[in-house]
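This report concerns only the one structure given below.
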Amino acid sequence: MSHPSKDITGSKGRELSGKKIALLVTSSVASFKAPEIARELMRHGADVQAVISPSTERMVGADLLEWATGNTVVTRLTGKLEHIALAGKSQGHVDLVLVAPATANTIGKLASGIDDTPVTTVAATAIGSRIPVIIAPAMHEPLYDHSIVQENVQRLKKIGVEFVEPEIIEGKAKIASTEKIVGAVIARLSSNKAGDLEGRRVLVTAGPTMEHIDPVRVVTNRSSGKMGAAIAEEVASRGADTTLILGPGTLTPPSSVKTVRIESTSDLLQAVKKELREAKPDIVFAAGAPTDYTPTTVSPKKIKTRERARIDLELQATPKILEEIRHSSPKTFLVAFKTEYNVPNEELIDEAFKIIHEKNADLVAANDVARQGVGFQVDTNELYVVDGRKNVVHIPLAEKREVARQLVDLAVKKLKD
């Protein structure tokens, strides 16, 4: 049975429909604003879970926040592992953590990796899980201007935490307006962009290809397909008629997306050509990682290792998928991908820029898979996105779904220019 307080959900809009937000409330005097913030998030479609510390409860009671959100408030961490359930890498985790208001003490703890209350532990878990975190500070102006506090703010910003700056009034750094805070949440989650690809056809390639040496052994690469699947899920959520061409592996594709499974680079080429011919996509995200070489001959039987201590493997180049996309569909907006290993940023960007001209791509998203948490077989990624004017946008390390959101934002903006 739904809590009566949830009757307001979606009354002002559906921008946050289906989104779960953890509202972390510290013991600032501004905590009296927390119920209002929670209610406004709900009016835009969000499901809000409040988390407080013991000192917060003296400022604003758990009963009030339960009334505001319609959910039981987390006041302490128990054997249920509330911090992991909310902000860990577990099914059903929240989409965003909002710390509002945030004291200088809490900001300092988060910047130093200290988690000694439900609030700081949930926030720290979210940062470690690459879940978006937004902080709305509130304190006296001298505290906010303290050089160490500002250093802590900058440390958190460098790892991707977003701040909604306070309003300096009467010698106080007062918490930003509820409207501004809710607007920041909506902008970060980007559900307000749902429908901006309505009527568009989008093709996404994802995952590796494999080329057989014999019926058992293959030449392939370490791509998992997670990035491409995240892009397909993102564009579909924005209203695009989406097709995902997915290479071999254990990845389960998004249920809402039409998926074509392929194995070899030749299979990928044929599937891409078919989609270009029949669906005529407006946008192609070529996130797939086709194997660049294939054996010139394939043994019809498994090669017996006991009989042959060594084999000489001759390889030949596989078809270039990007060239075929541009040749077959010159007007399609093409987002290409470039992967490098252990190179300086300048070289990574230069290599991406070469793809712009060699393949006539509209955007190139480049990453360096030697960096921790980037690329193959992980849930996170980091991209440098380059256009034809060598403008570069850095998408910092984040969950692949969040990286996909930012990449699609750039593609949609470029498409409209």
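Of the set (1) exposed (fewer than 13 other Cβ atoms within 10 Å of the Cβ); (2) farther than 28 Å from residue 340 by Cβ; (3) free of Cβ contacts under 8 Å to residues at least 40 places away in the same chain, all apply to residue 250 but (2).
Does residue 291 qualify as being surrounded by fewer than 20 Cβ atoms within 10 Å (Cβ to Cβ) and modelled with pLDDT of 95 or more? So residue 291 fails the test. The C-beta contact set for the range 12-31 (first residue more than 23 Å from residue 173 (Cα to Cα) and of a type in the set (Val, Ile, Thr), second residue in a loop (DSSP other than H, G, I, E, B) and at pLDDT 90 or above, distance under 9 angstrom, 6+ apart or interchain) comprises 21/46; 21/94; 21/95. Number of residues in the range 259-269 that are more than 24 Å from residue 362 (Cα to Cα) and buried (at least 16 other Cβ atoms within 10 Å of the Cβ): the value is 6. Of the numbered criteria (1) within 29 Å of residue 17 (Cα to Cα); (2) touching a Lys or Arg at 6+ places or on another chain (Cβ under 9 Å); (3) not hydroxyl-bearing (Ser, Thr, Tyr), the one residue 116 fails is (1). Just a yes or no: is a residue in the range 126-147 in a helix (DSSP H, G or I), in contact (Cβ under 8 Å) with a residue 60 or more places away in the chain, buried (at least 20 other Cβ atoms within 10 Å of the Cβ) and assigned by TED's automatic domain parsing to the domain that holds residue 185? Yes: one or more hits.
Filtered by the rule that a residue be closer than 16 Å to residue 202 by Cβ and not charged (D, E, K, R), the range 329-345 gives 329, 332, 333, 334, 335, 336, 337. If you check 313, 334, 322 for being of a type in the set (A, V, I, L, M, F, W, C) and either in contact with a His (Cβ under 8 Å, 6 or more places away or on another chain) or under 18 Å from residue 247 (Cα atoms) (or both), only one passes: 322. With respect to residue 346, is the statement that it is surrounded by fewer than 17 Cβ atoms within 10 Å (Cβ to Cβ) and in the same structural domain as residue 231 (by TED's automatic domain parsing) true? Spelling it out, residue 346 is indeed surrounded by fewer than 17 Cβ atoms within 10 Å (Cβ to Cβ) and in the same structural domain as residue 231 (by TED's automatic domain parsing).
Of the helices (runs of 4 or more DSSP H) contained entirely in the range 1-109, those carrying at least 3 residues that are at pLDDT 95 or above fall at 34-43, 62-69. Across the range 403-411, not a single residue is classified as in contact (Cβ under 8 Å) with a residue 40 or more places away in the chain and either assigned to a loop (DSSP other than H, G, I, E, B) or over 22 Å from residue 197 (Cβ atoms) (or both).
One line per residue, one yes/no per condition, for (1) assigned by TED's automatic domain parsing to the domain that holds residue 338; (2) without any contact (Cβ under 8 Å) to a residue 12 or more places away in the chain; (3) surrounded by 10 or more Cβ atoms within 10 Å (Cβ to Cβ); (4) part of a loop (DSSP other than H, G, I, E, B):
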residue	(1), (2), (3), (4)
271	yes, no, yes, no
274	yes, yes, yes, no
280	yes, no, yes, yes
306	yes, yes, no, yes
313	yes, no, yes, yes
319	yes, no, yes, yes
324	yes, no, yes, no
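When we screen 179, 198, 165 for residues that are more than 23 Å from residue 367 (Cα to Cα), in a loop (DSSP other than H, G, I, E, B) and more than 23 Å from the chain's Cα centre (by Cα), the only hit is 165. Looking across the range 360-408, the residues that are surrounded by fewer than 17 Cβ atoms within 10 Å (Cβ to Cβ) and of a type outside the set (A, V, I, L, M, F, W, C) come down to 360, 371, 372, 373, 377, 379, 388, 389, 390, 391, 394, 396. Has the range 105-117 got at least one residue that is charged (D, E, K, R), in the same structural domain as residue 20 (by TED's automatic domain parsing) and either buried (at least 24 other Cβ atoms within 10 Å of the Cβ) or under 26 Å from residue 380 (Cα atoms) (or both)? There is at least one residue in the range 105-117 that is charged (D, E, K, R), in the same structural domain as residue 20 (by TED's automatic domain parsing) and either buried (at least 24 other Cβ atoms within 10 Å of the Cβ) or under 26 Å from residue 380 (Cα atoms) (or both).
The values are calculated or read from the model by the stated rules, or taken from the named source; none is laboratory data. Quick caveat: nothing in here was measured; it's all calculated off a predicted structure. Cβ: placed from backbone, ideal geometry, glycine included. Neighbour counts: every protein chain shown.
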